[in-house]
Amino acid sequence: MDAYRAVVDKRDQRIFLERPIPDATLERILQAGRMTGSSKNREPNRFVVVRERAKVAAIAALGPQARWVAAAAAVVVIVQTERHDYDAGRCAQNMMVVAWGDGVGSCPAHVDETQLGALLRVPAGLHVNRLIAFGYIDPARAMPPRSVARRRLPLDELAHYEQW
Ligand SMILES: Cc1cc2nc3c(=O)[nH]c(=O)nc-3n(C[C@H](O)[C@H](O)[C@H](O)COP(=O)(O)O)c2cc1C
């Protein structure tokens, strides 16, 4: 899959098959996160990888918008040594795009950061950013919830050339 297709065809997935992600594939996903550039190359991002079923379920229970996370094969939580949303977003998207290129679906989710940090024993002074749920998908059930139907604004509404 070329980079364009991996980005343009990627849609967030919330229904996962009960199939583990091989260690080598998970490592490629984490390498994509690791190699992400950051502001002044300060590398604020750290990862907590969760695969234990009970812990994945406990994470899913932390927020009403994250119930579907319970079926994820792996959850990666981005924790930052200093808050920098842009760096976290780049890192998250790189991991999700590489995962998609390897046939693994994903979706970010937001839960209460304080509760998530406590559950994962994140030391004080670090900042829990977002979590990303990863898993193989059944293409026949890959539809998004109606409330977030995959629309995108047309490009001519988004892009301005030479001036606004
Ligand atoms: C920062 C961030 C947080 C998100 N949090 C949630 C969430 O808590 N629950 C959820 O179901 N989707 C969540 N999403 C997924 C968005 O709903 C999704 O990216 C958007 O609807 C586009 O979906 P599509 O890829 O199907 O077009 C989040 C996305 C981002 C970027």
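Quick check on my filter: what residues within the stretch 99-113 are within 16 Å of the ligand (Cβ to nearest atom) and more than 9 Å from the chain's Cα centre (by Cα)? Those that are within 16 Å of the ligand (Cβ to nearest atom) and more than 9 Å from the chain's Cα centre (by Cα): A99, W100, G101, V104, G105, H110, V111, D112, E113.
Just wondering, is there one or more residues in the stretch 111-128 that are closer than 20 Å to R14 by Cβ, out of contact with any Phe, Trp or Tyr (no Cβ under 6 Å at 6 or more places or on another chain) and surrounded by fewer than 17 Cβ atoms within 10 Å (Cβ to Cβ)?
Taking the stretch 111-128 as the starting set, the residues that turn out to be closer than 20 Å to R14 by Cβ are 111-112, 116.
From the residues that got through so far, the ones that are out of contact with any Phe, Trp or Tyr (no Cβ under 6 Å at 6 or more places or on another chain) too are 111-112, 116.
Subset that is surrounded by fewer than 17 Cβ atoms within 10 Å (Cβ to Cβ): 112.
Yes, that holds for at least one residue.
Across the stretch 123-142, the number of residues qualifying as among the β-branched types (V, I, T) and within 16 Å of M95 (Cα to Cα) comes to 1. Screening the candidates L126, L158, L131 for the property of being away from the ligand (no atom under 12 Å from the Cβ), aliphatic (A, V, I, L, M) and in contact (Cβ under 8 Å) with a residue 60 or more places away in the chain yields one hit, L126.
Rundown of residues vs (1) surrounded by fewer than 16 Cβ atoms within 10 Å (Cβ to Cβ); (2) over 17 Å from the mean Cα position of the chain (by Cα); (3) touching a residue at least 12 places away in the same chain (Cβ under 8 Å), yes/no style:
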residue: Y4; (1), (2), (3): yes, yes, no
residue: R14; (1), (2), (3): no, no, yes
residue: L26; (1), (2), (3): no, no, yes
residue: T36; (1), (2), (3): no, no, yes
residue: S39; (1), (2), (3): yes, yes, yes
residue: R42; (1), (2), (3): yes, yes, yes
residue: N45; (1), (2), (3): no, no, yes
residue: V49; (1), (2), (3): yes, no, yes
residue: V56; (1), (2), (3): no, no, yes
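Just a yes or no: is a residue in the stretch 43-54 more than 14 Å from the ligand (Cβ to nearest atom), in a helix (DSSP H, G or I) and out of contact with any helix residue (DSSP H, G or I) (no Cβ under 6 Å at 6 or more places or on another chain)? Yes: the stretch 43-54 contains one or more residues that are more than 14 Å from the ligand (Cβ to nearest atom), in a helix (DSSP H, G or I) and out of contact with any helix residue (DSSP H, G or I) (no Cβ under 6 Å at 6 or more places or on another chain).
Applying the criterion of being surrounded by 20 or more Cβ atoms within 10 Å (Cβ to Cβ) and not in a strand (DSSP E or B) to the residues of the stretch 63-83, the residue that is farthest from the ligand (Cβ to nearest atom) is A73. For the stretch 17-40, the tally of residues that are assigned to a helix (DSSP H, G or I) and either hydroxyl-bearing (S, T, Y) or modelled with pLDDT under 95 (or both) stands at 3.
The values are calculated or read from the model by the stated rules, or taken from the named source; none is laboratory data. Source: prediction; values computed, not measured. Because the Cβ atoms are built from the backbone with ideal geometry, glycine has one as well, and the counts that use them run over all protein chains shown.
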